[in-house]
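Below is one structure; the comments refer to it alone.
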Amino acid sequence: MAEKKKIGILGASGYTGAELVRLLLRHPRVEIVLLTADRRAGHKLGDVFPQFAPYDLPQLVSIESVDWAAAKLDLVFCALPHATTQKVLKDLLAKAPETKVVDLSADFRLGDPAVYAKWYGHEHHALELQKEAVYGLTEIYRRDVKKARLVANPGCYTTCAQLPLIPLLKAKAIESDEIVIDAKSGTTGAGRSAKEDTLFSEVSEGFHAYGVGHHRHMSELDQEFSKAAGKDVVATFTPHLTPMNRGIYSTIYVRGRRGKTAHELHDILSKQYEKDPFVYVLPFGKTPDSRHVRGSNMTFIGVAEDRKPGRAIIVSTLDNLTKGASGQAVQNMNVMLGFAETLGIDQPALSS
């Protein structure tokens, strides 16, 4: 059997870090040799997430204590907060330039430093790495991901909307100025840190919009939709928090361009993804449930005809922790390291 690749996870005590551990424990070609979590340094991961107590995993350490050159890591997953990531990866790649990185923060997703500064409120501190980074929407940028040293894993909301819309924009099949994305997320999308607005009593039995008109994922959507359309695209996007743990559910409203019907839009998406293992386009008129993808790396897409002539309704759903974050990160790792793309992440959904 081939020697296993050495993998590190930075920020292992968060939800995406834990999801990475869950997925990588059953991956036959990798070994987790480094786990960091500054506030939990010195503890076992099983003390933070009891489900991992039976497994032989390295003890959590602080990032400052890691000797990157001596660690000889083949690939690192970075699940650190935005802005923190830039300085850490700058240091890591300077000392261990052969190490590959999949970054799950937003720090390297935006190609224009001015756009990054506008949406994140500060200058980018690793501009050379930003130029090098490849946007990791695997189904769209697979060839670039394969050659990359640094991959910027897309956001959960953006992955859910981009997978159905980018092929339609590239085909010039929809009006680019009439896109409306009504998206809903489970509470794990807000991270594991204690926040008043994600307390059970604040979220349960309710439903609310947030980031209305100014959510940071808008910049990511604008960037990728504009690339696909070959012109500036500004979509309407509103996120909502729903009382479920995991999942993204996006209802998207579009108008067909030059008489394109909902059936034709469905045909474009079906052909686009007929060979992709992690995107499933339902029969025309059928729409998915978020339960159909929970715990899996799948995206389910449904297309239906609106009662208004020329308009279509697209429904897209994925698990925000898996295909929307850690699962897609492992998918990118597989491509970067030359493994089969589905290796370790082909489990079906836990629908009940």
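The values are calculated or read from the model by the stated rules, or taken from the named source; none is laboratory data. Predicted model only: the values in this text are computed from it and were never measured. Glycine also receives a Cβ, built like all others from the backbone with ideal geometry; neighbour counts cover every protein chain displayed.
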Query raised in the report: Which one of these does Gly324 not meet: (1) crowded, with 20+ Cβ neighbours inside 10 Å; (2) small (Gly, Ala, Ser); (3) at pLDDT below 95?
Result: (3)
Query - Test: residue in region 308-325 that is within 25 Å of Arg216 (Cα to Cα) and among the acidic types (Asp, Glu) - result: yes
Requested in this report: Note down all Cβ pairs under 6 Å where the first residue falls in region 83-102 and is in the same structural domain as Ile63 (by TED's automatic domain parsing), the second is of a type in the set (A, V, I, L, M) and surrounded by fewer than 15 Cβ atoms within 10 Å (Cβ to Cβ), and they're at least six residues apart or on different chains.
Outcome: Lys95/Ala69; Ala96/Ala69
Report task. Please state which one of Pro277, Pro283 is within 22 Å of Pro167 (Cβ to Cβ), surrounded by fewer than 16 Cβ atoms within 10 Å (Cβ to Cβ), out of contact with any strand residue (DSSP E or B) (no Cβ under 9 Å at 6 or more places or on another chain) and not acidic (Asp, Glu). Result -> Pro277
Requested in this report: Provide a single number: the residues in region 15-29 that are farther than 14 Å from Leu57 by Cβ and surrounded by fewer than 19 Cβ atoms within 10 Å (Cβ to Cβ).
Outcome: 1
Requested in this report: Go through the residues of region 262-280 one by one and say whether even a single one is touching a residue at least 12 places away in the same chain (Cβ under 8 Å), assigned to a loop (DSSP other than H, G, I, E, B) and of a type in the set (A, V, I, L, M).
Outcome: no
Query raised in the report: Can you tell me how many residues in region 69-117 are polar (S, T, N, Q), surrounded by 19 or more Cβ atoms within 10 Å (Cβ to Cβ) and more than 15 Å from the chain's Cα centre (by Cα)?
Result: 3
Query raised in the report: Among (1) part of a helix (DSSP H, G or I); (2) free of Cβ contacts under 8 Å to residues at least 40 places away in the same chain, which single condition is His124 missing?
Result: (1)
**Report entry** Leu337 in contact with a strand residue (DSSP E or B) (Cβ under 7 Å, 6 or more places away or on another chain), among the aliphatic types (A, V, I, L, M) and surrounded by 23 or more Cβ atoms within 10 Å (Cβ to Cβ)
**Finding:** no
Report task. Read through the list (1) farther than 17 Å from Leu23 by Cα; (2) of a type in the set (A, V, I, L, M, F, W, C); (3) more than 16 Å from the chain's Cα centre (by Cα), then give the number of the only condition that Phe300 fails. Result -> (3)
Requested in this report: Quick one: in region 221-250, of everything that is farther than 23 Å from Val115 by Cβ and not hydrophobic (A, V, I, L, M, F, W, C), which residue is surrounded by the most Cβ atoms within 10 Å (Cβ to Cβ)?
Outcome: Gly247
**Report entry** Residue, farthest from Val145 (Cα to Cα), within region 290-304, restricted to residues that are touching a Phe, Trp or Tyr at 6+ places or on another chain (Cβ under 8 Å) and outside any helix (DSSP H, G or I)
**Finding:** Ala304
